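Accompanying notes for the structure given below.
Computed from the coordinates by the stated procedures, all read-outs in this text should not be read as laboratory data. As the structure is a prediction and not an experimental result, all values here were calculated from the model.
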Amino acid sequence: MDKSQLIKVGSTVYLKPINNAARYGRKDILEKVVLKKGRKYFYVGNTGETETRRMFKFSLEDMREVTEYSPD
């Protein structure tokens, strides 16, 4: 089974900070909800969030955060 088939809208995901975010920033694991899913990306945020700019964007291919900056 492919990992992208496990991601469904409304399912709960846990975000664990790695690298510099874990070393210098927050160390707690965040609990978020999958809000949108497309062919290449899925968006994670708080329940009821409607603004895309406030969501975290992840790739379905490798489950890593997609950002213009370095991912947490």
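The table for this structure:
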item	result
For the chain, calculated [θ]222 nm from helices alone, where every DSSP H run of n ≥ 4 adds -39500 (n - 2.57)	-2500 deg cm²/dmol
³J(HN,Hα), Karplus 6.51/-1.76/1.60, whole Hz, each residue of region 48-53, x for Gly, Pro	x, 5, 10, 8, 5, 5
Debye log10 I(q)/I(0) at q = 0.17, 0.27, 0.31 Å⁻¹ for region 3-59, Cα point scatterers	-0.58, -1.11, -1.24
Reachable aspartates and glutamates, given that their alpha-carbon falls under 16 Å from the alpha-carbon of residue 36 and they are not under 8 places away in the same chain	49, 51, 61, 65
